[in-house]
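The values are calculated or read from the model by the stated rules, or taken from the named source; none is laboratory data. In this text the structure is predicted, and so the values were computed from the model without any measurement. Cβ: placed from backbone, ideal geometry, glycine included. Neighbour counts: every protein chain shown. Just the protein is used for accessible areas: all its heavy atoms, side chains included, with ligands, DNA and RNA removed. Shrake-Rupley method; radii C 1.70, N 1.55, O 1.52, S 1.80 Å.
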Amino acid sequence: MSDCLFCKIVEGEIPARVEAETEHILAFHDINPVAPVHVLLVPKQHVADSAAELTAEDGPLLGELFELAARIAAANELDEGWRVVTNVGPAAGQTIFHLHFHLMGGWEAPQP
Ligand code: 5GP
Ligand code: ZN
């Protein structure tokens with residue numbers, strides 16, 4: 001059995017507030033949001049520990065992920081703008097080593 005938290009969320013072993021999904025991507029709300037809207041987009045398969053491992057072969061998966069991000073942004077009316085971040089390694093703040101992207105938005109004012 002996988003010891004990865006996000007694999008367990010994908011498998012339904014750990015509950016999460018799911019926002020949306022596609023065939024290959026699950027999007028759920030961050031348990032500790034740092035923006036009014038803070039959704040994590042994760043490949044359902046543990047294809048990489050971080051973005052550092054991605055290759056050209058992952059292009060279609062990333063396209064699917066960003067298409068879903070835009071759909072979630074529209075559904076949450078983030079018309080003024082939104083941000084996608086991925087942390088690579090502990091120094092950047094990565095704590096879960098299953099590739100994921102933070103979709104954030106909904107602020108009252110422009111962000112630095
Ligand atoms: P990282 O720091 O690796 O870039 O992002 C991991 C994110 O996962 C953090 O923002 C953290 O709040 C979130 N997180 C950690 N554990 C859980 C959990 O059990 N459920 C959910 N929904 N998010 C989690
Ligand atoms: Zn995993």
Taking only the range 36-61 into account, find how many residues are under 13 Å from HIS100 (Cα atoms), in a loop (DSSP other than H, G, I, E, B) and not polar (S, T, N, Q). 6
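What do you reckon, is HIS98 touching a helix residue (DSSP H, G or I) at 6+ places or on another chain (Cβ under 7 Å), under 22 Å from ASP3 (Cβ atoms) and crowded, with 16+ Cβ neighbours inside 10 Å?
Spelling it out, HIS98 is indeed touching a helix residue (DSSP H, G or I) at 6+ places or on another chain (Cβ under 7 Å), under 22 Å from ASP3 (Cβ atoms) and crowded, with 16+ Cβ neighbours inside 10 Å.
One line per residue, one yes/no per condition, for (1) among the aliphatic types (A, V, I, L, M); (2) more than 12 Å from ligand 1 (Cβ to nearest atom); (3) part of a loop (DSSP other than H, G, I, E, B):
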site: ALA70; (1), (2), (3): yes, yes, no
site: ARG83; (1), (2), (3): no, yes, no
site: VAL88; (1), (2), (3): yes, no, yes
site: HIS98; (1), (2), (3): no, no, yes
site: MET104; (1), (2), (3): yes, no, no
site: ALA109; (1), (2), (3): yes, yes, yes
site: PRO112; (1), (2), (3): no, yes, yes
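Taking VAL10, is it out of contact with any helix residue (DSSP H, G or I) (no Cβ under 7 Å at 6 or more places or on another chain), within 12 Å of ligand 1 (Cβ to nearest atom), of a type in the set (A, V, I, L, M, F, W, C) and without any contact (Cβ under 8 Å) to a residue 12 or more places away in the chain?
Judged against the criteria, VAL10 is not a match.
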Report yes if some residue within the range 75-89 is within 11 Å of the chain's Cα centre (by Cα), of a type outside the set (Val, Ile, Thr), surrounded by 17 or more Cβ atoms within 10 Å (Cβ to Cβ) and closer than 17 Å to ILE31 by Cα; otherwise report no. no
Taking the residues in the range 13-52 that are under 22 Å from ARG71 (Cβ atoms) and among the acidic types (Asp, Glu) as candidates, determine which candidate is nearest to ligand 1 (Cβ to nearest atom). ASP30
Does the range 24-35 include one or more residues that are of a type outside the set (Ser, Thr, Tyr), open to solvent by less than 70 Å² (accessible area, probe 1.4 Å), within 13 Å of ligand 2 (Cβ to nearest atom) and assigned to a helix (DSSP H, G or I)? no
Among ALA73, ALA56, ALA51, the single one that is in contact with a strand residue (DSSP E or B) (Cβ under 6 Å, 6 or more places away or on another chain), modelled with pLDDT of 95 or more, at negative phi and away from ligand 2 (no atom under 11 Å from the Cβ) is ALA73
